[in-house]
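The next block holds one structure in the form of structure tokens; read it before the comments.
The values are calculated or read from the model by the stated rules, or taken from the named source; none is laboratory data. Small disclaimer: the values here were computed from a predicted structure and weren't measured. Note that each Cβ is placed from the backbone with ideal geometry, even for glycine, and that neighbours are counted across all protein chains shown. Heavy atoms of the whole protein, side chains included, go into the accessibility calculation; ligands, DNA and RNA do not. Shrake-Rupley method; radii C 1.70, N 1.55, O 1.52, S 1.80 Å.
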Amino acid sequence: MLNVNKENETSITRFILLGLGNNTELWPFFFLLFLVIYLVTIIGNLIIILLVANDQQLHTPMYFFLGNLSCLETFYSSTILPKMLSNLFTGDRTITVNGCLSQYYFFGCCVGIETFLLAAMSYDRYLAICRPLLYASVMNKKLCFQLIAGAWLNGLMANSIVVFLIAQFSFCGPNVIDHYFCDLSPLEKLSCSDPSLLKIIVFLLTFIFTLAPFCLTVSSYVCIISSIIRIQSTIGRQKAFSTCSSHLMVVCLFYGTIIIVYMLPDTPTLRQLNKIFSIFYTILTPLANPLIYTLRNTEIHKASRRVQTKLSRFF
């Protein structure tokens, strides 16, 4: 599907990613900055995955979803940052057409899966706070696995259709992408083919696979916040809000920046601003996930101390 060997139809075999700018003096700084971000993102998310997998007290729906989110964020950051770091380190900003389509495929899949995962996590918090008596019976192992399987399959399926259509395009110049990764809009602009069918398909898939989980997430938090407000005791409100505050912060960061990026007009003046906001949802969101949950979540703190205690017995 990702093979685009069509030399007879296209004169372009490589694209040039302009990245964050042409000021080469800043490249070493950007390289070190994003290298640190990448390492912290990978290590932080792997720690959460290991804690959730090895601590029996974290074997609950909430942390099952969190473990899957951390696994996704590991893949998510690895679709963009390694190539970005390579471009900054070597100065070679080219990427093959196949490589560009592959990067967009995995990036699009991760975004699609994340929207479903965030919706599943918000539904879990809705049941826990608004329907506590039904929580144990509704949010059982079967439903948890169905929600996770649905999130991964829907994300992979939806973007497979989009990339298959893009793979049929001819690219005949120019070959410059004014971004630091391969996104749908730049690829569409560089194509010589008619994008009408692609636009219709993308609109339908966005409505089904992005707008629907977004609306579910928003409606869940409207119900959650209204339920928390109705709690009379201050301690009760704080306790209820603490169970969903970390997830709410991740949701706001992810959706807030992604809406700004795709709602901003594509003009030369706003293009740099678009790149800055893109950094938030492509690079900083995977970083924020382990930071927010490890800094604010008491259960993760307790699990970490239990693991440290176990490890200390062996040394």
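Here are the numbers for the structure shown:
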quantity	calculated
The stretch 74-131 and the stretch 210-262: distance between their alpha carbon centers, rounded to Å	22
Accessible surface, per residue, of the chain when the full set of protein chains is kept, probe 1.4 Å, Å²	51
Helix-only mean residue ellipticity at 222 nm for the chain, each DSSP H run of n ≥ 4 adding -39500 (n - 2.57), per residue, nearest 500	-25000 deg cm²/dmol
Accessible carbon and sulfur surface of the stretch 155-208 relative to its total accessible area, %, 1.4 Å	74
Förster radius 41 Å - calculated FRET efficiency between THR60 and ARG271 (Cβ-Cβ, nearest 0.05)	0.40
Sequence of PHE181, PHE207 when ordered by accessible area, the most exposed leading, probe 1.4 angstrom	PHE207, PHE181
Modelled FRET efficiency - R0 45 Å, CYS192 with LYS141, Cβ distances, 0.05 increments	0.35
Ranked packing of 72-82, 167-177, most packed first, by mean Cβ within 10 Å	72-82, 167-177
Set of lysines near LYS239 by C-alpha distance (under 21 Å), chain-local residues within fewer than 8 positions excluded	LYS302
Cα-projected label distance for VAL36 with PHE203, points at 7 Å along beta-carbon direction, nm	4.5
Extended-chain gain in nm, criterion 0.36 nm per residue less alpha-carbon gap, SER226 and ARG305	25.0 nm
